[in-house]
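Asker: I'd like to ask some things about the structure below.
The values are calculated or read from the model by the stated rules, or taken from the named source; none is laboratory data. The shown structure was predicted, so the numbers you read here are calculated from the model rather than taken from an experiment. Note: ideal-geometry Cβ built from the backbone for every residue, glycine included; neighbour counts use all protein chains shown.
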Amino acid sequence: MEFEVSFAFTQKDFQELMRVTRRQRQGPVRTVFLLIAAAFGAMFLIGLVRMLRQILVEGAQGLAVYRPILIIAAFWVLWSVIASDRVLAMWGWKQYTNKGEVHHYRFCEDGCFYCSNANEQRIDWSLFQELVETPYAYLLFMASGAAHIIRKSAFTQGDPEGFRDFISRAAGKPVRYVK
């Protein structure tokens, strides 16, 4: 059984990769970090409410006391926007120099064959470390940290549903689904 895929990358592909990669990094340290960030966020909101109340009561003089909270809250909001999946994908897309280049993949029992204008290579199934499926694409993560994005709408031979079972069997790894 063989599967073939041909497509040019889009910013949506980069966004999907950023979204899934961010979810992959969850672990005990990331969970603790998220809990601390949520606690700081709650403290900032409480501080902002107190600040607004004091400003309404005392006028502009009440603002000086809460200036550090305002600065930290501004950085927190700015970081939340900068570190979003969409912004990271947009930056990655701007740096990507091969826009419009068509990428061809052929998957068979012997491995994955990848071809673009720049190179041609065979990728052994054992090099794939993790297999992820999303509603939009399959993401094949390699041990090196690189990932191959296989858009579901780009199959020219075979179908995305059959591909899931095929890559799981060929790579000897389960395919993890991420919404």
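Asker: Determine whether residue 70 is exposed (fewer than 12 other Cβ atoms within 10 Å of the Cβ) and closer than 30 Å to residue 43 by Cβ.
Answerer: no
Asker: Could you check the range 113-136 and list, in sequence order, the residues that are of a type in the set (A, V, I, L, M, F, W, C) and within 13 Å of residue 6 (Cα to Cα)?
Answerer: 113, 115
Asker: Ok, one more. List every residue pair whose Cβ atoms sit under 9 Å apart, with the two residues 6 or more apart in sequence or on different chains, where the first one lies in the range 33-52 and is at negative phi and of a type outside the set (A, V, I, L, M) and the second, anywhere, is loosely packed, with under 11 Cβ neighbours inside 10 Å and at pLDDT below 75.
Answerer: none
Asker: Within the range 126-149, is even one residue in a helix (DSSP H, G or I), of a type in the set (Phe, Trp, Tyr) and surrounded by 15 or more Cβ atoms within 10 Å (Cβ to Cβ)?
Answerer: No, the range 126-149 contains no residue that is in a helix (DSSP H, G or I), of a type in the set (Phe, Trp, Tyr) and surrounded by 15 or more Cβ atoms within 10 Å (Cβ to Cβ).
Asker: Hey, another quick one. Which residue out of 172, 162 is modelled with pLDDT of 90 or more and on the phi > 0 side of the Ramachandran plot?
Answerer: 172 is the lone residue from the list that is modelled with pLDDT of 90 or more and on the phi > 0 side of the Ramachandran plot.
Asker: Show the residue pairs that are 6+ apart or on different chains and have beta-carbon atoms under 7 Å apart, the first residue being within the range 104-133 and in the same structural domain as residue 150 (by TED's automatic domain parsing), the second being of a type in the set (Gly, Ala, Ser) and part of a strand (DSSP E or B).
Answerer: These pairs meet every condition: 104/6; 122/111; 123/111; 124/111; 125/111.
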